Amino acid sequence: MRDAHFCPPRLAETLVEGEAGSYSLRSQTKMAQYFEINGGKKLKGTIEVRGSKNAATPILAATLLTDKKCTISNIPLIEDVFRMIEIIKGLGAEIKWLGKRKISIIAKNIDPKRMDYEAVKKMRSSILLLGSLSARFDNFKIPYPGGCVIGSRPVDTHLSALEKLGVKIKQLNGFFKVDSKNCKANEIVLKEFSVTATENAMMLAANLPGKTVIKIAATEPHVQDLAKFLSKMGAEIKGIGTNTLEIRGRKELKGATHEIIADANEAATFLILGVATKSPIRVKNVNIDHLDLVVEKLREFGANFKIGKDYIQIIPPKNIKAVTKIDARLYPGIPTDTQAPFGVLATQAKGETLIFDSLYEGRFNYLKELKKMGAKARILSKHQASVKGPAKLKGKIITSYDLRAGASLIIAALIAEGRTIIKDIYQVDRGYEQIEERLQKLGADIKRAESTKH
């Protein structure tokens, strides 16, 4: 025997400093929170991009592959990351905060029987525990993960990949029952370019002696970041950044120290914000190589940029021009996570922009809220929409349906004339750290408030 999804609850919490530099989550209120925004102001100043949410959650899950100490820095202080840390801690891992964005994790005495099932069921990223726990335990069970309302997210690709590595998985009564006694290296052809399925297969393969080949692998920057972390733990990985990964695993992986990459999706959000509000803001801590097509598309809208070593300065357009289409694709294409911010930008562009998102069928919910504000938008199908501009947006009471929609509606509210209330902002907290405080420093009139009415 080897060593023994998500929309968080509507409960605002904050990271608070305790004794000896420790950090913990503390409830602030059980009342519903909302953003109140007065739009129409030009913004200026510098906003810094935090660590990548989509890199942090799999890397945290990967710390379970070893009983040695792992140290992770540049952690974004957001709901999804807090939840993953709490789940790992609940399994029995020893976690210490070494600073505001740096933790150490020793997963020596973990036990899947201690798993907080309710927490796992609420968090989509908990699916990443399948790969790491399969590497450490012969048998365990884990609830189906949760998820946000952006469409169907089947896990068939995950199960198929792990089964090709010898894992037997049964689904019963809302749980995956996992038997991983007979795991072995193998060749995997993924059913689709799935980011998290690629990451699950990578984590298990890193712990299996011999050569595993993963074909049709996702190539996103956060997948590459996980590969680099696994390499530091002792796995030999070839083909990082390509669609074919060759992994030579080790039965005993080492602890590792790693700094999480900057969040490309957050950087894109802020760049689009600057162009949409015609504000000359500077976005700092940016890896331009992760944003090539986003920047190129913004140039098509009429923007220009001054690009430095780790920053992008926005040179706003005098007139925003509609582009033929926004087509959300797998990396290195336009990320689906930036489709909604681009949709808001299109409301300010002269002409019609077609928007395609073939990855999820629920990504256009935000357009219904934009229409309340005066946008000329049509949902043509589950995967196609049309936006005509320019539209004069007006402040309204609107709702955030998912993480990226919430950030996009903030952009719309900052453009709009008058006062906007955005409800269900816990969605935004899942991926954007203290967004209102950071925008206030740019001159935005935005505040967080709470009420039983909103």
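Checking each residue in region 234-268 for being of a type in the set (S, T, N, Q) and buried (at least 17 other Cβ atoms within 10 Å of the Cβ) picks out only N265.
Go through S194, S231, S160, S134 for me and flag whichever is closer than 15 Å to A61 by Cβ, hydroxyl-bearing (S, T, Y) and either touching a helix residue (DSSP H, G or I) at 6+ places or on another chain (Cβ under 8 Å) or surrounded by fewer than 23 Cβ atoms within 10 Å (Cβ to Cβ) (or both). Working first, answer last.
On the way: S194 fails: closer than 15 Å to A61 by Cβ; S231 fails: closer than 15 Å to A61 by Cβ; S160 fails: closer than 15 Å to A61 by Cβ.
Being closer than 15 Å to A61 by Cβ, hydroxyl-bearing (S, T, Y) and either touching a helix residue (DSSP H, G or I) at 6+ places or on another chain (Cβ under 8 Å) or surrounded by fewer than 23 Cβ atoms within 10 Å (Cβ to Cβ) (or both) holds for just one of S194, S231, S160, S134, which is S134.
In region 362-382 there is no residue that is out of contact with any Pro (no Cβ under 7 Å at 6 or more places or on another chain), outside any loop (DSSP other than H, G, I, E, B), of a type in the set (V, I, T) and crowded, with 24+ Cβ neighbours inside 10 Å.
Scanning region 61-86 for residues that are in contact with a Ser or Thr (Cβ under 9 Å, 6 or more places away or on another chain) and crowded, with 20+ Cβ neighbours inside 10 Å turns up A61, A62, T63, L64, L65, C70, I72, P76, D80, V81, R83, M84. Just the residues that are aliphatic (A, V, I, L, M) and buried (at least 21 other Cβ atoms within 10 Å of the Cβ), please, taken from region 27-41. Scanning region 27-41 gives a single hit, I37.
Which of the residues spanning region 314-353 are over 26 Å from T219 (Cα atoms) and surrounded by fewer than 17 Cβ atoms within 10 Å (Cβ to Cβ)? I'd like the intermediate steps shown before the answer.
Initially, region 314-353 is screened for residues over 26 Å from T219 (Cα atoms), giving 314-324, 344-353.
Those that are over 26 Å from T219 (Cα atoms) and surrounded by fewer than 17 Cβ atoms within 10 Å (Cβ to Cβ): I315, K318, N319, K321, T324, K350, G351, E352.
Restricting the first member to region 200-229 and to residues that are under 14 Å from K164 (Cβ atoms), and the second to residues that are surrounded by 24 or more Cβ atoms within 10 Å (Cβ to Cβ) and at pLDDT below 95, the beta-carbon pairs closer than 7 Å and six or more apart or on different chains are N200/H158.
For region 256-317, please list each of the strands (runs of 3 or more DSSP E) lying entirely inside it that holds at least 2 residues being farther than 19 Å from P390 by Cβ and β-branched (V, I, T).
Working: elements: 257-259, 282-284, 304-307, 311-315.
Answer list for region 256-317: 311-315.
Looking only at region 66-101, how many residues end up being within 18 Å of K232 (Cβ to Cβ) and assigned to a loop (DSSP other than H, G, I, E, B)? Write out each step before concluding.
Residues of region 66-101 that are within 18 Å of K232 (Cβ to Cβ), as a first pass: 66-75, 98.
So of that shortlist, the ones also assigned to a loop (DSSP other than H, G, I, E, B) come out as 66-68, 74-75.
Number of matching residues: 5.
Could you list, in sequence order, the residues of region 205-224 that are out of contact with any strand residue (DSSP E or B) (no Cβ under 8 Å at 6 or more places or on another chain) and assigned to a helix (DSSP H, G or I)? Those that are out of contact with any strand residue (DSSP E or B) (no Cβ under 8 Å at 6 or more places or on another chain) and assigned to a helix (DSSP H, G or I): P221, H222, V223, Q224.
Being part of a loop (DSSP other than H, G, I, E, B), at positive phi and out of contact with any Gly (no Cβ under 6 Å at 6 or more places or on another chain), is that true of even one residue in region 326-349? Step through it out loud before you land on a result.
Here is the first cut: in region 326-349, the residues part of a loop (DSSP other than H, G, I, E, B) are 329-333, 335, 347-349.
Subsequent filtering for residues that are at positive phi retains none.
The answer is no; no qualifying residue exists.
For K44, the requirement of being at pLDDT 95 or above, farther than 28 Å from A413 by Cα and surrounded by fewer than 24 Cβ atoms within 10 Å (Cβ to Cβ) is not met. Using the structure shown, decide if L91 is surrounded by fewer than 24 Cβ atoms within 10 Å (Cβ to Cβ), over 20 Å from the mean Cα position of the chain (by Cα) and closer than 30 Å to Y311 by Cβ. Criteria not met by L91.
The values are calculated or read from the model by the stated rules, or taken from the named source; none is laboratory data. Predicted model only: the values in this text are computed from it and were never measured. Quick reminder, even Gly has a Cβ in these numbers, built from the backbone with ideal geometry, and neighbours come from all protein chains shown.
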